[in-house]
């Protein structure tokens with residue numbers, strides 16, 4: 001009997017994730033024995049960063065006390081209270097719900113799923129984290145990207161946002177600090193986005209997972225703190241600020257005018273109940289992390305600032321490459337001044353030098369421009385070697 005090919009769902013057709021997709025090629029190159037220089041994955045634990053000890057110990061104690069069964073669907077009370085207090089310190093008021101999830105990624109997917117119907121759209125930052133477009137594609141929405149302005153430090157382009165809002169637009173997504181550019185949004189820009197959300201009845205999805213990883217003494221402004229009526233879901237987690245991405249612990253904080261959020265909140269909680277709960281023992285690390293000693297951040301930011309400065313200096317010294325200075329997170333989004341494909345550049349660079357970057361088109365970019373993202377978590381020796389390789393290779397490749 002001839003077997004019939006099993007066809008996948010059409011909703012998966014446009015799902016891509018450039019950050020991991022490039023690893024498939026990297027694994028093949030690594031088999032050749034070439035020295036690999038990985039600048040592609042934003043995982044602090046691969047490098048010389050560690051979580052605060054009290055976070056790890058609290059999680060371990062949770063396991064020893066046999067907190068290994070299911071947790072409440074929205075999270076354990078101690079975690080919820082700590083997240084609420086943290087939101088209060090950020091100036092967020094009028095909070096109606098808080099839920100703990102399998103990383104901020106699950107919170108984002110749950111909230112998009114509870115909001116979007118087929119044929120609708122959410123405004124997604126471009127460049128931006130590819131999870132959002134992947135989920136929207138799965139939900140059979142259509143892409144509605146708005147651009148960040150490279151000439152203005154990668155701030156959101158308000159005029160472009162205004163042009164993109166239509167009667168099928170349900171929400172606007174902000175990633176602040178931004179992945180992949182490392183930009184930090186100004187109060188003025190955030191206020192303009194709040195005003196647009198109120199005018200057009202949009203939910204704001206505020207991805208603030210890097211809100212403590214700020215350099216040069218910069219201040220992070222939670223967009224939900226600017227107006228207590230605007231419907232907003234603020235996403236956070238332990239992964240980046242507390243160096244435990246493998247714990248898969250994130251959360252969402254829902255704030256805004258209660259009268260317009262009620263049905264949407266119930267839809268979110270239906271999904272949360274259906275998936276049972278987030279990781280249980282790891283939730284016992286949330287309160288110690290948020291309320292305990294924060295000195296690990298001081299040490300991390302010292303390293304990141306040095307590595308950021310090295311990154312910006314060396315990339316800007318390469319003829320044909322420019323790089324806006326990041327102010328937060330641990331990413332830089334460099335521009336290739338070429339008409340050739342950034343994807344082809346990333347592949348060729350990897351094969352010849354072993355340097356693993358992510359092509360800018362994997363994050364979205366203004367048409368006609370070419371970029372690549374680097375993660376500056378590795379130490380200075382690795383970064384220096386990688387950037388020297390990028391410079392010498394680009395000179396040949398773009399000749």
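The values are calculated or read from the model by the stated rules, or taken from the named source; none is laboratory data. Quick caveat, the model's predicted, so the values are computed rather than measured. Note that each Cβ is placed from the backbone with ideal geometry, even for glycine, and that neighbours are counted across all protein chains shown.
Before moving on, here are some points about what is shown:
- Residue within the stretch 270-289 that is more than 27 Å from residue 51 (Cα to Cα), in contact with a strand residue (DSSP E or B) (Cβ under 9 Å, 6 or more places away or on another chain) and assigned to a helix (DSSP H, G or I) present: yes
- The listed residue being in the same structural domain as residue 194 (by TED's automatic domain parsing) and modelled with pLDDT under 95, out of 150, 109: 109
- Residue 236, sole failed condition from (1) in contact (Cβ under 8 Å) with a residue 60 or more places away in the chain; (2) touching a helix residue (DSSP H, G or I) at 6+ places or on another chain (Cβ under 8 Å); (3) within 18 Å of residue 183 (Cβ to Cβ): (3)
- Screening the candidates 242, 210, 264 for the property of being touching a residue at least 24 places away in the same chain (Cβ under 8 Å), within 22 Å of residue 103 (Cα to Cα) and in contact with a helix residue (DSSP H, G or I) (Cβ under 7 Å, 6 or more places away or on another chain) yields one hit, 242.
- Any hit, the stretch 69-76, residues being in contact with a strand residue (DSSP E or B) (Cβ under 8 Å, 6 or more places away or on another chain) and either surrounded by fewer than 19 Cβ atoms within 10 Å (Cβ to Cβ) or not assigned by TED's automatic domain parsing to the domain that holds residue 208 (or both): yes
- Exactly one residue out of 348, 332, 395, 386 is assigned to a helix (DSSP H, G or I) and in contact with a strand residue (DSSP E or B) (Cβ under 7 Å, 6 or more places away or on another chain): that is 386.
- Some residue of the stretch 246-259 being over 24 Å from the mean Cα position of the chain (by Cα), part of a helix (DSSP H, G or I) and either in the same structural domain as residue 206 (by TED's automatic domain parsing) or modelled with pLDDT under 95 (or both): yes
- Out of 136, 87, one residue alone is at pLDDT below 95, buried (at least 17 other Cβ atoms within 10 Å of the Cβ), assigned by TED's automatic domain parsing to the domain that holds residue 170 and touching a strand residue (DSSP E or B) at 6+ places or on another chain (Cβ under 8 Å). It is 136.
- Selection status of residue 220, within 29 Å of residue 365 (Cβ to Cβ), in contact (Cβ under 8 Å) with a residue 24 or more places away in the chain and more than 23 Å from the chain's Cα centre (by Cα): no
- Flag for residue 227 being within 21 Å of the chain's Cα centre (by Cα) and modelled with pLDDT of 95 or more: no
- Against the test of being in a helix (DSSP H, G or I) and surrounded by fewer than 18 Cβ atoms within 10 Å (Cβ to Cβ), the options 219, 192, 228 yield a single qualifying residue, 192.
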